[in-house]
Each structure stands twice: as C-alpha cells, then as structure tokens.
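The values are calculated or read from the model by the stated rules, or taken from the named source; none is laboratory data. As the structure is a computational prediction, the values presented were derived from the model and not from experiment. Don't worry about glycine lacking a Cβ; one is built from the backbone with ideal geometry, like all the others, and counts go over all protein chains shown. Note: accessible area is taken over every heavy atom of the protein model, side chains too, but ligands, DNA and RNA are not part of it. Shrake-Rupley method; radii C 1.70, N 1.55, O 1.52, S 1.80 Å.
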Amino acid sequence: MNVPVVTIDGPGGAGKGTLARLIAKELGFNLLDSGAIYRILGLAALRGAVDLDDPGPLSTMATSLSLSFPFTEKHTDIVLNGESVAGQLRNQDVADAASRIAIHPLVRDALMFLQRQQACVPGLVGDGRDLGTIVFPDAKLKIFLDANVGIRADRRYHELIESGQTVARSAILRDLEIRDVRDRTRSVAPLVAAEDAFVIDSSDKSPSDVLSVVRELCQAHGLTN
Ligand code: C5P
C-alpha cells in the first residue's frame, strides 16, 4: 500500500532524529530511525564477533532482525527481538561499526526491506542518508538537513554528555569527519540530497526554527489538515 512518506536525510549530528520525531508526532505518523537499523546490525555484529568487512554473514544476520520503534515526543525506544537496545546504540564504537557495514551493497539490500516495512498507515517519517534517493524515491516530502561539521560535533558532544557518557569533543569531530567521507564517497547509496529535496542548513538555526520551516513544507505538501 502507498502511504505518505516524509524523508529527512543528511550527515550525522545535523538534528535529523529530533526533527523526525517531532514531525512524526505532529502528523501522527510512524517513525523510522534508519541509522538505528544500521547501528543495530553493527551492535549485533560486534556482539557476535562477526567480521565487519564480510558482507555474507552480515546480510544473513540482517534478514533475521525483528525491530520496532515505540516513541514519545521526547524519546524513541528501539526494540530488537524483544530487548530494548536504545541505550546501547549511541556510542562511537557502534557508530563506526554501522558506517563500516553500510558500505556493503548486500547489507544495504537486506536492510532496505526492513526500512520499507515501516511504511504503514497512516504514514511514515524517516531519517537517514539515502531515504529520499533510494529507499523511498516516491516520498511525498524530502528534506536534506545539513550543518557545518564543527556545529554538528558540538551538538553530538552535548547529547552524549547529557546521556552520561564521557567523551572528548575532538574524538567526536574526528568520528564525524571520517563517517562523512565514508558516507559521501561509498559506491552505493552515497550521502547526497535527492534532486527534489528541500535543503535546509541548520548551522545557525535553532531546532524550533527548523521545525517551523518543515511544518510549513508539510502544509504546502498537503500532509496536514
Ligand atoms: O544516523 P546515524 O548516525 O545513526 O547512522 C549511523 C551510520 O549508519 C551512518 O554513519 C551511515 O554510515 C549509516 N547509515 C546509512 N544509511 C542510512 C542511515 C544510516 O548508511 N539510511
């Protein structure tokens, strides 16, 4: 069935996740955190000591994941095979594993199926890297949310500190730069704005400024009453 989909793509730390959650709540749509899907597979691979450079076993593992994303305005939970794993996904090791497994076309194909499965009535808001270009090319509204890498590092730093982790800002900046290059230069589904995406630079915008812009776009695209 064809349900309305809103895609929010962009690099790590641009504010996609928060924006996606708020818009999903406002529209009453389902929510897809596609980065979490890559992170979950990264976590599962690290737990099972599966080689991150070997697409065969990784894609087999990908097809057996059972996932759901119960969420409120403030928080998204991530449930893997009945276990809440949200608290284990937001660290540098898992982020790095996710971006390494994400370069394999076989793995991306297996995870594409899981992502498309989330497009259920009444609609879906998803955030990621290739949702507007590859996973949901017919999405009703496509946003590409960008921000300069220093600002993204600051935001990630505060997010991780608030969640009780001890991290150095310099390590976060380095991680974002490495993942940016890997995501933008991989041969399959590289990070790029879809031709029909609205590009928003959030470097000098507050989350509520960005939300207002996207709210107007939702209205203009007939997504709200
Ligand atoms: O968005 P997040 O930082 O959680 O994503 C983790 C990693 O998963 C990214 O660096 C990227 O390599 C990969 N990813 C992807 N395609 C998506 C979402 C995430 O390749 N749609």
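Provide a single number: the residues in region 10-48 that are over 15 Å from Leu124 (Cα atoms), more than 10 Å from the ligand (Cβ to nearest atom), in contact (Cβ under 8 Å) with a residue 24 or more places away in the chain and not in a helix (DSSP H, G or I).
1
Among what's in region 49-67 and is out of contact with any helix residue (DSSP H, G or I) (no Cβ under 6 Å at 6 or more places or on another chain) and part of a loop (DSSP other than H, G, I, E, B), pick the residue that is surrounded by the fewest Cβ atoms within 10 Å (Cβ to Cβ).
Here the residue is Ala49.
Select from region 68-83 the residues that are within 23 Å of Leu52 (Cα to Cα) and away from the ligand (no atom under 14 Å from the Cβ) and write down the one among them that is surrounded by the fewest Cβ atoms within 10 Å (Cβ to Cβ).
Top of the filtered list is Glu83.
Count, please, the residues in region 113-148 that happen to be assigned to a helix (DSSP H, G or I), closer than 30 Å to Ala220 by Cβ, open to solvent by less than 40 Å² (accessible area, probe 1.4 Å) and more than 9 Å from the ligand (Cβ to nearest atom).
Number satisfying all stated conditions: 1.
So Val181 clears everything in (1) open to solvent by 20 Å² or more (accessible area, probe 1.4 Å); (2) touching a residue at least 12 places away in the same chain (Cβ under 8 Å) except one condition, right? Which one?
Of the numbered conditions (1) open to solvent by 20 Å² or more (accessible area, probe 1.4 Å); (2) touching a residue at least 12 places away in the same chain (Cβ under 8 Å), the odd one out for Val181 is (2).
In region 185-219, what residues are without any contact (Cβ under 8 Å) to a residue 40 or more places away in the chain, under 21 Å from Arg129 (Cβ atoms) and in a helix (DSSP H, G or I)?
Thr185, Val213
Kindly establish whether Asp175 is touching a Lys or Arg at 6+ places or on another chain (Cβ under 7 Å), outside any loop (DSSP other than H, G, I, E, B) and surrounded by 17 or more Cβ atoms within 10 Å (Cβ to Cβ).
No: the conditions fail for Asp175.
Name the single residue that is nearest to Ala44 (Cα to Cα) among those in region 100-112 being open to solvent by 60 Å² or more (accessible area, probe 1.4 Å) and of a type outside the set (A, V, I, L, M).
Looking at residues that are open to solvent by 60 Å² or more (accessible area, probe 1.4 Å) and of a type outside the set (A, V, I, L, M), I get Arg100.
Conditions: (1) in contact with an Asp or Glu (Cβ under 8 Å, 6 or more places away or on another chain); (2) modelled with pLDDT of 90 or more; (3) within 10 Å of the ligand (Cβ to nearest atom). Arg90 meets all but one. Number of the miss?
Of (1) in contact with an Asp or Glu (Cβ under 8 Å, 6 or more places away or on another chain); (2) modelled with pLDDT of 90 or more; (3) within 10 Å of the ligand (Cβ to nearest atom), only one is false for Arg90: (2).
Being acidic (Asp, Glu) and under 20 Å from the mean Cα position of the chain (by Cα) is the filter here, so list the residues in region 190-223 that pass it.
Of everything in region 190-223, those that are acidic (Asp, Glu) and under 20 Å from the mean Cα position of the chain (by Cα) turn out to be Glu195, Asp196, Asp201.
Is region 142-164 home to any residue that is aliphatic (A, V, I, L, M) and at pLDDT below 95?
Yes; the residues of region 142-164 include at least one that is aliphatic (A, V, I, L, M) and at pLDDT below 95.
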